[in-house]
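Q: I have a structure I would like to understand better, so I am pasting it below and will then ask my questions one at a time.
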Amino acid sequence: MKFFSSTALSLLLLLAGALARSPPAPLRTESDDSAPPVPHGKRVNLTEVLTDTVDGPFHMFVKYLMQADLVAVFENQAYRTDQGITIFAPVDMAFAAVEPSALAGLSRHQLKHLVMYHSLAKHYALGEFEGLSQSNPVTTLAGGRYTVNVTYDGGVIHVKSRWANAKVVGSVYETAPMAVYEVDKVLLPYALFRAHPPVEDIPPVPALPAPGAEEDPPPEDDSEFVPASGAFAPPPPRTDGHNHADHGHDHDHDHSASRAAARGPTSHVAAIAAAMALAVL
């Protein structure tokens, strides 16, 4: 019995030493399967990105982000998924163009969908929008019926909803995994606004003529006609020193000559004679 006891003890000691030299196998949990990979990149604060910038201002968008409790949602989409996020931030002037009652009447749930409608569940650099424009309609972070159409024309990017055609006018922040772009209009989804657009009617800027296009002819000049030099020149001034104002009968002679000229060709000679007589006086 003592032999077997010592032998068993020796085997146990050898086994314990072997286990101590080998690293333990990692434990596998369900959370490891569900945890997505975290993209590389320095984590930034979304509200600071929108406030500490020369673009914008974006005070209204930040206000609605906070009211809908979406700041953490957007940041988690950027830094806790392998897709990142793209955000279209309307400037304050864009919100000012929307009827105030249209936004004030939204419930908290509707406001959350409106703000999420301004984001895509993937990071897109400016150069990737051309390819994205071939995949319309594009689903926003709001999901479901909340889709937009993206157009890319010669580097000009538009994001279209049912009631708005927002232009991307600048890049606020583009470093992956978060992209924030400035847009000039609020995207109003049809799922929330079924009636006519609650937006002020702003007249569009007239388009510039295309290069080489024929211009309209100038308007006709309706100014006063000016004859050519000398065409209707007045008679030369008198040099004999006589003044008709000194002769009270001059006007009578003038009228007589005029009446003679009016009587026709037969009195033409008489009219000339009368004029010569006046010149002698």
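The values are calculated or read from the model by the stated rules, or taken from the named source; none is laboratory data. Keep in mind that what you see is a predicted model, and the values were worked out from it rather than measured. With ideal geometry, Cβ positions are generated from the backbone for all residues, glycine too; neighbour counts draw on all protein chains shown.
Q: Identify the single condition in (1) farther than 14 Å from Tyr173 by Cβ; (2) part of a strand (DSSP E or B); (3) among the aromatic types (Phe, Trp, Tyr) that Tyr64 does not satisfy, given that it satisfies every other one.
A: With (1) farther than 14 Å from Tyr173 by Cβ; (2) part of a strand (DSSP E or B); (3) among the aromatic types (Phe, Trp, Tyr) applied to Tyr64, the lone miss is (2).
Q: Scan region 122-141 and tell me whether some residue there is aliphatic (A, V, I, L, M) and touching a helix residue (DSSP H, G or I) at 6+ places or on another chain (Cβ under 6 Å).
A: For region 122-141, residues aliphatic (A, V, I, L, M) and touching a helix residue (DSSP H, G or I) at 6+ places or on another chain (Cβ under 6 Å): present.
Q: Would you mind telling me which numbered condition in (1) farther than 21 Å from Tyr146 by Cα; (2) crowded, with 16+ Cβ neighbours inside 10 Å; (3) of a type outside the set (A, V, I, L, M) Tyr117 fails?
A: With (1) farther than 21 Å from Tyr146 by Cα; (2) crowded, with 16+ Cβ neighbours inside 10 Å; (3) of a type outside the set (A, V, I, L, M) applied to Tyr117, the lone miss is (1).
Q: Let me ask something additional. Being touching a Lys or Arg at 6+ places or on another chain (Cβ under 7 Å), at negative phi and not hydroxyl-bearing (Ser, Thr, Tyr) is the filter here; which residues of region 50-84 pass it?
A: Residues satisfying the conditions are Ala68, Leu70, Gln83.
Q: Confirm whether Val150 is at pLDDT 95 or above and in contact with a Ser or Thr (Cβ under 6 Å, 6 or more places away or on another chain).
A: Yes; evaluated as a whole, the condition is true for this residue.
Q: Let me ask something else about it. Could you list, in sequence order, all residues of region 68-124 that are in a helix (DSSP H, G or I), farther than 19 Å from Val180 by Cα and under 23 Å from the mean Cα position of the chain (by Cα)?
A: Within region 68-124, Ala96, Pro100, Ala102, Leu103 meet the criteria.
Q: Looking at (1) of a type in the set (A, V, I, L, M); (2) under 25 Å from Val138 (Cα atoms); (3) modelled with pLDDT under 85; (4) assigned to a helix (DSSP H, G or I), which is the only condition Val38 fails?
A: (4)
Q: Looking at region 122-137, is at least one residue crowded, with 17+ Cβ neighbours inside 10 Å, farther than 16 Å from Thr86 by Cα and not small (Gly, Ala, Ser)?
A: The answer is no; no qualifying residue exists.
Q: Being among the aliphatic types (A, V, I, L, M) and in contact with a His (Cβ under 7 Å, 6 or more places away or on another chain) is the filter here; which residues of region 71-88 pass it?
A: Result: Ile85, Ile87.
Q: Which of the residues spanning region 125-141 are free of Cβ contacts under 8 Å to residues at least 40 places away in the same chain and not in a loop (DSSP other than H, G, I, E, B)?
A: Gly127, Glu128, Phe129, Glu130, Gly131, Leu132, Ser133, Gln134, Ser135, Val138, Thr139
Q: When the residues of region 169-204 are filtered to those that are surrounded by fewer than 21 Cβ atoms within 10 Å (Cβ to Cβ) and β-branched (Val, Ile, Thr), which remaining residue is modelled with the lowest pLDDT?
A: Looking at residues that are surrounded by fewer than 21 Cβ atoms within 10 Å (Cβ to Cβ) and β-branched (Val, Ile, Thr), I get Ile202.
Q: Right, something else. Can you confirm whether Val71 is in contact (Cβ under 8 Å) with a residue 12 or more places away in the chain, among the β-branched types (Val, Ile, Thr) and surrounded by fewer than 21 Cβ atoms within 10 Å (Cβ to Cβ)?
A: So Val71 fits the description; yes.
Q: On to the next question. Of everything in region 142-168 that's among the hydroxyl-bearing types (Ser, Thr, Tyr) and touching a residue at least 40 places away in the same chain (Cβ under 8 Å), which residue is surrounded by the fewest Cβ atoms within 10 Å (Cβ to Cβ)?
A: Tyr146
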